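Structure, as structure tokens:
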Amino acid sequence: MSRDTKARSLIILLLFVILIFIEIHGKPSVHLEMLQKIAKYGFRIFNVDENLLCPHCCEYSMINELCMTQFEVVPLGITIPQSQ
């Protein structure tokens, strides 16, 4: 399977995903990089929980922007800066 085919498959899959719950480990720059990748596909953070047992870990809950109306979610703003 080519790289382009894999990328298209991922995009199609993400169109059908409503929520993403993810725990990211690493420095803040690692968190930002991963969150930017997820946000690029139309997801927004709606909850953040720090992991008290791991100072470099954080749990993020994200919702697909296309589903926000369905779940009566009111966007407060875009919280993840776009990558350059």
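FYI, it's all coordinate maths here, none of it is from the lab. Treat the numbers as computed from the prediction; the structure is a model and nothing was measured. Quick reminder, even Gly has a Cβ in these numbers, built from the backbone with ideal geometry, and neighbours come from all protein chains shown.
Restricting attention to the range 35-83 and to residues that are touching a Ser or Thr at 6+ places or on another chain (Cβ under 9 Å) and β-branched (V, I, T), the residue that is surrounded by the most Cβ atoms within 10 Å (Cβ to Cβ) turns out to be I45. Scanning the range 15-63 for residues that are touching a strand residue (DSSP E or B) at 6+ places or on another chain (Cβ under 6 Å) and among the polar types (S, T, N, Q), we see that the one that is farthest from Q82 (Cα to Cα) is N51.
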